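Below: the structure, in structure tokens.
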Amino acid sequence: QVQLVESGGGLVQAGGSLRLSCAASGRIFSSYSMGWFRQAPGKERELVAAISRSGGITYYAGYVKDRFTVSRDNAKNTVYLQLNSLKPEDTAIYYCAAAPFDSGLGYSRSYNYWGQGTQVTVSS
């Protein structure tokens with residue numbers, strides 16, 4: 001079992017920044033690739049970014065366009081998502097998730113464990 005707890009969400013004005021964190025406990029954190037997903041009201045959950053087990057490979061959704069950065073610190077069992085130049089359309093609940101492999105990270109079905117989510121609200 002892996003337990004994931006997100007933090008760092010909040011209310012920010014358009015153009016602002018937030019740093020989300022996801023702390024993991026349970027099995028060896030470095031054994032899991034990590035993903036960040038988001039879900040806005042009335043919309044399906046979608047991938048934001050993902051990072052491989054070693055941190056050497058990262059993936060981003062096209063709409064990120066260099067605004068967001070995913071990183072991880074395996075010594076601290078934590079994955080991060082830096083959100084810059086935020087837009088109102090980035091408003092959503094952001095979830096972190098853990099996957100046992102480095103492939104297929106764009107698909108939510110690849111992830112075994114999910115956190116409860118943290119709300120990000122961007123005002124215009």
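Miscellaneous remarks
- In sequence order, calculated HN-Hα J values of region 43-57 (Karplus, 6.51, -1.76, 1.60; Hz; x Gly/Pro): 10, 7, 5, 9, 5, 9, 7, 8, 9, 6, 4, 7, x, x, 10
- Cα gyration tensor, region 1-105 - rounded (a/c under 1.5), prolate or oblate: prolate
- Across the alpha-carbon set of region 81-122, the Rg to Rh ratio works out to 1.04, Rh being the Kirkwood radius.
- When the chain is treated as a Gaussian network with alpha carbon springs shorter than 10 Å, the biggest mean-square fluctuation among Val70, Val12, Val79 belongs to Val12.
- For Tyr113, distant residues with modelled amide H under 5 Å away: Ala98
- Cα point-scatterer Debye curve for region 3-42, base-10 log of I(q)/I(0) at q = 0.14, 0.18 Å⁻¹: -0.46, -0.68
- Under a Gaussian network description of the chain, with springs only between Cα atoms under 10 Å, the residue in Arg38, Arg53, Arg109 that fluctuates furthest is Arg109.
- Assuming charge only on the beta carbon of Lys and Arg (+1) and of Asp and Glu (-1), the dipole of region 21-122 about its Cα centre is about 120 debye to the nearest 20.
- Summarising the overall dimensions of region 53-107 from its C-alpha atoms, the Rg and Dmax are 12.2, 34 angstrom.
- Of all lysines in the structure, the ones whose alpha carbon falls short of 29 Å from that of Lys76, not counting any fewer than 8 places away in one chain, are Lys65.
- Around Ala98: net Lys/Arg minus Asp/Glu count, Cβ-Cβ under 14 Å: +2
- Put simply, the amide H of Phe101, placed in the peptide plane, has neighbours under 5 Å in Ser33, leaving out anything fewer than 5 places away on its chain.
Here, each number is a calculation from the coordinates, and none is a lab measurement. As the structure is a computational prediction, the values presented were derived from the model and not from experiment. Counting neighbours? That spans all protein chains shown, and the Cβs are built from the backbone with ideal geometry, glycine included.
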